[in-house]
Amino acid sequence: MRSSHADLRIGVLALQGDFAEHVQMLARLGAQAVEVRRPADLDGIDGLILPGGESTTIGNLMERSGLTAPIQRLARNGTPMWGTCAGLILMARGVGRRQPLLRVMDVQVERNAFGRQLDSFEANLDIDGLPGGAFRAVFIRAPVVRRCGRGVRALSRLDDGAVVAVQQDRLLGTAFHPELTGDPRLHAHFMAMTRRA
């Protein structure tokens, strides 16, 4: 059990996308953020964040960098992992099309479920286990979870019932971008998950 945020080393996959915003949020909360670009960067991390961006591009870069298998091993060994938007897509078992995936979370995800970038929106979400009231979520070319497998818990839904946040053991997935808001609660939640692990 770790006693302070400063003890936590959280990796952020830094191949493409909005990893810098995650790094800034972790630093704001007092954790040590490690930008992950090659397998050696995974050594000694307590948790890993897979950021938003372009999931096919990130997946291809992961494979080219030799990161796919080591990240899958971390997930199998119980290292806490959080995928936001494209990161959730990468963690999914399937997305209905061929692309590089980690397949570490038993969910089926639909990419770009709300349309193009022009169709981006914000919504107030109630997230199971997150104190402090509604979370203002930013959705940009966002996916949704179409099927949750055994052991996967839906943490939040939109008004139409679409699942946009899930958890399976120490794996967390959100279809939106918490790093683009000023609200640090989900990052603090992931850090608490990591500390408990």
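The values are calculated or read from the model by the stated rules, or taken from the named source; none is laboratory data. Computed from a prediction, not measured in an experiment: that's the story for all the values here. No Cβ is skipped: glycine too gets one built from the backbone with ideal geometry, and neighbour counts run over all protein chains shown.
Can you name every residue in the range 69-89 that is of a type in the set (S, T, N, Q) and surrounded by fewer than 19 Cβ atoms within 10 Å (Cβ to Cβ)?
Residues satisfying the conditions are Gln72, Asn77.
Out of everything in the range 84-139 that is part of a strand (DSSP E or B) and acidic (Asp, Glu), what residue ends up being modelled with the highest pLDDT?
Asp106
Listed conditions (1) buried (at least 19 other Cβ atoms within 10 Å of the Cβ); (2) within 16 Å of Met91 (Cβ to Cβ); (3) hydrophobic (A, V, I, L, M, F, W, C); (4) touching a strand residue (DSSP E or B) at 6+ places or on another chain (Cβ under 6 Å) are all met by Ala142, apart from (4).
Out of Ala154, Ala192, one residue alone is in a strand (DSSP E or B) and not aromatic (Phe, Trp, Tyr). It is Ala154. Within the range 68-87, which residues are in contact with a Pro (Cβ under 6 Å, 6 or more places away or on another chain) and either of a type in the set (Phe, Trp, Tyr) or more than 21 Å from Val138 (Cα to Cα) (or both)? Once the filter is applied, which keeps residues that are in contact with a Pro (Cβ under 6 Å, 6 or more places away or on another chain) and either of a type in the set (Phe, Trp, Tyr) or more than 21 Å from Val138 (Cα to Cα) (or both), the range 68-87 yields only Pro70. Within the range 167-178, is even one residue over 14 Å from Met105 (Cα atoms), touching a strand residue (DSSP E or B) at 6+ places or on another chain (Cβ under 6 Å) and hydroxyl-bearing (Ser, Thr, Tyr)? Among the residues of the range 167-178, not one is over 14 Å from Met105 (Cα atoms), touching a strand residue (DSSP E or B) at 6+ places or on another chain (Cβ under 6 Å) and hydroxyl-bearing (Ser, Thr, Tyr), which makes the answer no. I'd like to check something: does the range 169-176 contain any residue that is of a type in the set (Asp, Glu) and touching a residue at least 40 places away in the same chain (Cβ under 8 Å)? Among the residues of the range 169-176, at least one is of a type in the set (Asp, Glu) and touching a residue at least 40 places away in the same chain (Cβ under 8 Å), which makes the answer yes. Among the residues of the range 30-38, none qualifies, meaning not one is assigned to a helix (DSSP H, G or I) and crowded, with 19+ Cβ neighbours inside 10 Å. Of the candidates Thr79, Thr56, the single residue that is within 19 Å of Met105 (Cα to Cα), hydroxyl-bearing (Ser, Thr, Tyr), in a loop (DSSP other than H, G, I, E, B) and touching a residue at least 24 places away in the same chain (Cβ under 8 Å) is Thr79.
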